Amino acid sequence: MQRILTEVAFTRNYGFQLHSIGDGECALAVPFQPAFERPGGVVSGQVFMAAADVAMWLAIMTRLGTTEVAVTAEMKTNFLSGAREEDFLCQAKILKLGKRLVFGTAECVNREGKLLTHHTITYIRT
């Protein structure tokens, strides 16, 4: 899975690192980059959303393998707290793996465990 993170262009640019992986679960470490900052010094929401989406994508691969294709159909994000110049961890978990749809959640937390974002994610198997 770490190979996917470093070889796929859209994941490589974020610098995601595989923190842990298990059956239907994945956690990514997201090292801070100055490019993540939006005006005002807060980490951009798109970084949290990308981390949640990629973590869920990898969690799905733990169940379906790397050859079956599943893509994001819907994502709802709640931004609960801001991050400034800090690394964070994003943990995704499959709630239900259906024949056509996959439902899951992801959460991003800072080093102290403070909840930064909560995401509900639906993937469609193609």
Can you list the lysines whose alpha carbon is less than 20 Å from that of Lys76, not counting same-chain residues fewer than 8 positions off? Lys93, Lys96, Lys114
Once R0 is set to 22 Å, what does the formula 1/(1 + (r/R0)^6) return for the Cβ-Cβ distance between Ser20 and Glu85, expressed as a FRET efficiency to the nearest 0.05? 0.35
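What dipole magnitude, in Debye to the nearest 20, does the chain give about its Cα centre under +1 on Lys/Arg Cβ and -1 on Asp/Glu Cβ?
Working: 13 positive and 12 negative charges, 81 e Å.
With Lys and Arg at +1 and Asp and Glu at -1, about 400 debye.
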Taking the Cα of Thr126, stepping 7 Å toward and past its beta carbon, and measuring to each backbone N in the range 9-38: which are under 19 Å? 9-12
Paramagnetic reach from Gln33 (point 7 Å along Cα→Cβ, amide N under 15 Å) across the range 83-126: 85-88
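Given contacts defined as C-alpha pairs under 8 Å and at least six residues apart, what's the relative contact order of the range 1-92, whole-number percent?
Working: 125 pairs, mean separation 32.8, N = 92.
Contact order relative to length: 36 percent.
We did not get these values from a lab; they are worked out from the coordinates using the rules stated. Everything numeric here is computed off the predicted structure, so don't read it as measured data. For neighbour counting, all protein chains shown are included, and Cβ atoms are generated from backbone atoms with ideal geometry for every residue, glycine included.
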